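The values are calculated or read from the model by the stated rules, or taken from the named source; none is laboratory data. Model, not experiment: these values are computed from the prediction. Cβ atoms come from the backbone with ideal geometry, glycine included; neighbour counts cover every protein chain shown. Surface accessibility is based on the protein's heavy atoms, side chains included, excluding ligands, DNA and RNA. Shrake-Rupley method; radii C 1.70, N 1.55, O 1.52, S 1.80 Å.
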Amino acid sequence: MAEHGNAVDELMAMSTEEILQAQLELYHHCVALVKSMALKAATDLRVPDVIYRRGGAATLSDLAADTGIHPTKVAHLRRIMRVLTTSGGVFSIQNSDDGGTPVYKLTRVSRLLVESSRHELSAMVGVLVDPFAVTAFFSIPKWFTDERAASVSLFEVAHGCTRVEMVAKDASYGGMFHAGMTSDSRFILDILLRESSGVFQGVGSLVDIGGGHGAVASAIATAFPQIRCTVLELPDVVAGAPADIGNVEFEVGDMFEYIPPADALLFKWIFHVWQDEDCVKILRQCKKALPPRDAGGKVIIIDTVVGCGSQQVTVSSEMQLWLDVYMMYVDGEERDELEWKKIFLEAGFSDYKITPVLGFRSLIEVYP
Ligand SMILES: C[S@@+](CC[C@H](N)C(=O)[O-])C[C@H]1O[C@@H](n2cnc3c(N)ncnc32)[C@H](O)[C@@H]1O
């Protein structure tokens with residue numbers, strides 16, 4: 001009661017300016033989701049493609065014409081573009097000196113959303129700003145406090161099934177999910193092969209565990225045709241994988257039960273979906289499948305190491321911490337180096353190396 005009284009007293013003692021600033025900050029936090037939603041809308045309307053096809057500069061009427069929006073919504077599109085030009089620099093706006101019509105241009109962020117771009121990530125916007133993920137966060141208080149809810153994932157509390165089950169049973173959701181994962185995999189493998197291709201030196205066989213539709217394995221098989229590349233995945237994912245993936249084999253299996261033997265076992269964005277005890281179980285299966293370190297055996301992990309990474313320290317560390325909370329929706333988490341080390345040692349691995357060359361994520365090699 002006394003504490004309650006103090007909080008009220010402290011508010012009463014604030015200047016008008018301070019209290020209005022506090023209210024501004026509070027409301028600003030609450031409506032921060034507008035930025036994500038505006039970005040999702042512009043991506044779905046393919047605004048980046050329109051600007052690109054118009055030679056890199058488009059007026060509001062160009063955008064309206066080429067996105068096919070209803071005439072009553074042109075002014076609304078301008079409001080969305082204003083948020084995306086002022087907050088975070090997704091687009092830029094150039095006003096002409098003679099008072100002519102302003103033009104919107106692409107920035108390094110929106111260039112990643114252009115369809116023909118080698119690094120296109122627009123499908124990943126769909127995965128990150130996913131209505132199933134976003135609505136799951138409204139169930140956090142229930143998940144934290146309710147006995148029954150606490151025993152399942154947040155996704156399950158909100159939607160009655162796990163994300164893996166939703167991917168399997170809802171074709172449109174599954175399609176969106178795998179398209180996003182494929183685009184992210186192509187993107188990050190391009191960077192990995194450019195910056196750290198030595199990680200695959202001397203590897204004769206590789207299994208990408210939970211490798212989705214095979215984008216990572218395909219990129220490795222193309223860059224290193226001598227490596228025999230396999231994807232281990234769940235039955236529905238293998239059934240839906242594209243046939244023209246190149247020199248990659250698919251094997252149906254459960255990584256908790258069995259992992260096929262290979263020189264290198266790769267995990268991209270797998271461990272951050274699981275709690276520590278599950279990670280240890282998976283890594284113990286890896287130990288059975290790998291040759292010793294001096295014969296070239298290793299686990300290759302592409303995931304976040306909180307505190308390691310990009311030059312853009314502020315955005316990167318905020319991204320890592322936000323992603324840590326974001327991953328709650330599937331009961332996953334992001335780990336710092338000590339947390340990673342703990343699970344490696346507990347699973348019986350002797351050593352590891354972190355190479356922070358993948359932006360907010362890192363390359364981790366773990367040795368038996
Ligand atoms: C977050 S996705 C990552 C996909 C891919 N590695 C990537 O980064 O693009 C996790 C993948 O793990 C697969 N998965 C989940 N449980 C699995 C299991 N028990 N055994 C094998 N794969 C599994 C899912 O089907 C899904 O494709």
Among M81, C229, A58, pick out the residue whose Cα is farthest towards the positive end of the charge dipole of the chain, where Lys and Arg carry +1 and Asp and Glu carry -1 on C-beta, about the Cα centre.
A58
Counting only residues 5 or more apart in sequence or on a different chain, those whose built amide H sits under 5 Å from that of R228 are S205, L206
Between L33 and R293, what FRET efficiency follows from the Cβ-Cβ distance if R0 is 51 Å, with the result rounded to 0.05?
0.65
Specify, per residue and in Å³, the volume enclosed by the convex hull of the alpha carbon atoms belonging to the stretch 51-176.
160
Near the amide H of L363, under 5 Å away, which other amide H atoms are found, from residues 5 or more places off or on another chain, if H is placed in the peptide plane?
T355, V357, L358
Per residue solvent-accessible surface (Å²) - the stretch 124-367, probe of 1.4 Å:
45
Per-residue HN-Hα couplings for the stretch 315-326, Karplus 6.51 cos²θ - 1.76 cosθ + 1.60 at θ = phi - 60°, whole Hz, x for Gly and Pro?
5, 5, 6, 5, 4, 5, 6, 5, 5, 4, 6, 4
Once phi for every residue in the stretch 73-83 is put through the Karplus expression 6.51 cos²θ - 1.76 cosθ + 1.60 (θ = phi - 60°), the whole-Hz ³J(HN,Hα) values, with Gly and Pro written as x, are 10, 5, 5, 5, 5, 4, 5, 5, 5, 5, 5
Take the alpha carbon atoms of the stretch 246-296, find their center, do the same for the stretch 94-117, and report the distance between the two centers in whole angstrom.
44
Calculate the FRET efficiency for E25 and Q226 from the Cβ-Cβ distance with a Förster distance of 45 Å, rounded to the nearest 0.05.
0.20
Relative contact order in percent for the chain (Cα pairs under 8 Å, 6+ apart) equals 11
Using the basic label-point model (7 angstrom from Cα toward the beta carbon), what is the L321 to E339 distance in nanometres?
1.3
Any idea what angle helix 2-13 forms with the longest principal axis of the chain, computed on alpha-carbon atoms, 0 to 90 degrees, nearest 10?
50
For the stretch 235-250, 3J(HN,Hα) per residue [Karplus equation, 6.51 cos²θ - 1.76 cosθ + 1.60, θ = phi - 60°, Hz, x = Gly/Pro]:
x, 5, 6, 4, 4, x, 6, x, 7, 9, 7, x, 7, 10, 9, 10
Taking the Cα centre as origin and putting +1 on Lys and Arg beta-carbons and -1 on Asp and Glu beta-carbons, what dipole magnitude results for the stretch 33-114, to the nearest 20 debye?
300
Of every hundred units of 1.4 Å-probe accessible area on the stretch 124-367, the number belonging to carbon and sulfur atoms, as a percent, is 55
Which three numbers, in whole Å and largest first, are the semi-axes of the equivalent ellipsoid of the chain derived from its Cα gyration tensor as √(5λ)?
39, 29, 20
Tell me, in nm to one decimal, what length is gained between A171 and R148 on full extension, where the rule is 0.36 nm per residue of separation less the Cα-Cα distance?
5.4 nm
Near the amide H of T59, under 5 Å away, which other amide H atoms are found, from residues 5 or more places off or on another chain, if H is placed in the peptide plane?
Y104
Can you give the charge dipole size of the chain about its Cα centre, rounded to the nearest 20 debye, using +1 on the beta carbon of Lys and Arg and -1 on the beta carbon of Asp and Glu?
1160
Using alpha-carbon pairs under 8 Å, 6+ residues apart, how would you state the relative contact order of the stretch 33-114 in percent?
34
Quick note, the stretch 33-114: a/c under 1.5 would make it rounded; otherwise a/b > b/c is prolate and the rest oblate (a ≥ b ≥ c, C-alpha gyration tensor); here it is rounded
Of the candidates S317, S205, S15, which one comes out as most mobile in a Gaussian network treatment of the chain with C-alpha springs shorter than 10 Å?
S15
Compare the peptides 171-177, 304-310, 68-74 by average per-residue count of other Cβ atoms within 10 angstrom and give them in order, highest first.
304-310, 171-177, 68-74
For T355 the rounded accessible area (nearest 10 Å², probe 1.4 Å, non-protein molecules ignored) is 30
Compute the distance in nm between two label points, each set 7 Å from the Cα along the Cα-to-Cβ direction, one at D254 and one at E17.
6.4
